[in-house]
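Enquirer: Before I ask anything, let me first share the structure, which is written out below as structure tokens.
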Amino acid sequence: MTSAFLDRRRPYEEVQRAARVKREQESFDDGLQRARYDDALSHCQAYWHDAVLRLCRKTILADGARDVLEIGSHGWAMLFDAATPTPKNLHCINISQRELENGREKATSRNVNITFRQMDAHALDYEDNSFDVVFGFGILHHLDYEAALDEIHRVLRPGGKMIFNEPLDMNPVGRLVRRLTPEARTIDEAPLRGKHLRLFHERFDVSYYPQQFLSVPAGLLSRLLAKSPRNPFMRAAFAADQVLAKAPGLRFWFRKTVIIGVKDG
Ligand SMILES: C[S@@+](CC[C@H](N)C(=O)[O-])C[C@H]1O[C@@H](n2cnc3c(N)ncnc32)[C@H](O)[C@@H]1O
């Protein structure tokens, strides 16, 4: 009874998803206006940015990962450089041609070998068990979480890892900044809420690295008072947040989180 009901609904869900993917593609091909949003939050993330990149590099390159997929390229450009070479087989997919072109230009200027493909993350054109790691920055919240996580799980090898850095919905200051900068986002994007987090736990063994709690109001203030985001005030907020991130119940009130999931080995 239930499955017949779900089967009848499926074509409608697929039509809706296709329309959503098209809207995302058009938004990123046209280019979003992110300057005001990025500027408002520039001081909040200064120290966090380095810490997140360190964690991502360590997680992606652990255990000699060879086959790596980035969804919603081009975060690889922040992670890999002369000191940290790109994994042997790095694939980057994006639904937007413009975003892919940006990635290709970066790869050419750095002389690194990356396979770029235009692809919808809800329907990955890869065999089951193809990758050691799948990663991305600020991409899952642009997708239908359930369909995308199914695909990520499918293409990961047993014991493989996913690692994504995504915004959380509950942080009140983060919400306010999002509300004040509508030009910086697509109409379909949905920062992580409890109902989405459950979908990760159903598929993976999950851990979190929350970022920016006091750093968000502190960052807005610091931006008005100081030129550089790297100042003693922001360093203190960063240190305090690292302690607060360990408090049970508080981590989902941070502005963002890295989410790491391991597929059963
Ligand atoms: C907020 S941007 C993040 C871009 C990049 N990861 C970064 O950190 O700068 C979201 C990206 O997701 C891509 N995207 C949206 N929907 C997609 C889909 N269904 N499949 C693949 N990529 C998609 C967009 O084109 C865009 O490049």
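The values are calculated or read from the model by the stated rules, or taken from the named source; none is laboratory data. Values in this document were obtained by computation on a predicted structure and should not be read as measured data. Positions of Cβ are generated from backbone atoms using ideal geometry, with glycine treated the same way; all protein chains shown enter the neighbour counts.
Enquirer: Does the range 9-19 contain at least one residue that is out of contact with any strand residue (DSSP E or B) (no Cβ under 8 Å at 6 or more places or on another chain), of a type in the set (V, I, T) and at pLDDT below 95?
Expert: Looking for residues that are out of contact with any strand residue (DSSP E or B) (no Cβ under 8 Å at 6 or more places or on another chain), of a type in the set (V, I, T) and at pLDDT below 95, one finds at least one in the range 9-19, hence yes.
Enquirer: Could you check, for the range 62-78, whether at least one of its residues is in contact with a Pro (Cβ under 8 Å, 6 or more places away or on another chain), modelled with pLDDT of 95 or more and either farther than 20 Å from H153 by Cα or of a type outside the set (S, T, N, Q) (or both)?
Expert: Scanning the range 62-78 turns up at least one residue that is in contact with a Pro (Cβ under 8 Å, 6 or more places away or on another chain), modelled with pLDDT of 95 or more and either farther than 20 Å from H153 by Cα or of a type outside the set (S, T, N, Q) (or both).
Enquirer: Could you list, in sequence order, all residues of the range 155-213 that are in a loop (DSSP other than H, G, I, E, B) and charged (D, E, K, R)?
Expert: D169, R185, D188, E189, R193
Enquirer: If a residue must be within 26 Å of L156 (Cβ to Cβ), more than 9 Å from the ligand (Cβ to nearest atom) and acidic (D, E), how many such residues does the range 81-113 contain?
Expert: Result for the range 81-113: 1.
Enquirer: If you don't mind, another one. For the range 123-130, state whether one or more residues are over 24 Å from L55 (Cα atoms), of a type outside the set (D, E) and crowded, with 21+ Cβ neighbours inside 10 Å.
Expert: The answer is yes, given that some residue of the range 123-130 is over 24 Å from L55 (Cα atoms), of a type outside the set (D, E) and crowded, with 21+ Cβ neighbours inside 10 Å.
Enquirer: List the residue pairs whose Cβ atoms are under 7 Å apart, where the first residue sits in the range 69-89 and is under 22 Å from E24 (Cα atoms), the second is more than 11 Å from the ligand (Cβ to nearest atom) and in a loop (DSSP other than H, G, I, E, B), and the two are 6 or more positions apart or on different chains.
Expert: Matching pairs, first to second residue: W76/T86.
Enquirer: Let me ask something additional. I'm told K195 meets every condition in (1) within 15 Å of the ligand (Cβ to nearest atom); (2) over 25 Å from F28 (Cβ atoms) except one. Can you identify the failing condition by its number?
Expert: (1)
Enquirer: Any idea which residue in the range 13-36 is nearest to the ligand (Cβ to nearest atom), counting only those that are of a type in the set (A, V, I, L, M) and under 14 Å from I187 (Cβ atoms)?
Expert: So the residue we want is V21.
Enquirer: I would also like to ask the following. Residue pairs, Cβ under 6 Å, 6 or more apart or interchain, first in the range 95-124 and free of Cβ contacts under 8 Å to residues at least 12 places away in the same chain, second among the charged types (D, E, K, R) and in a helix (DSSP H, G or I). List them.
Expert: Filtered contacts from the range 95-124: no entries.
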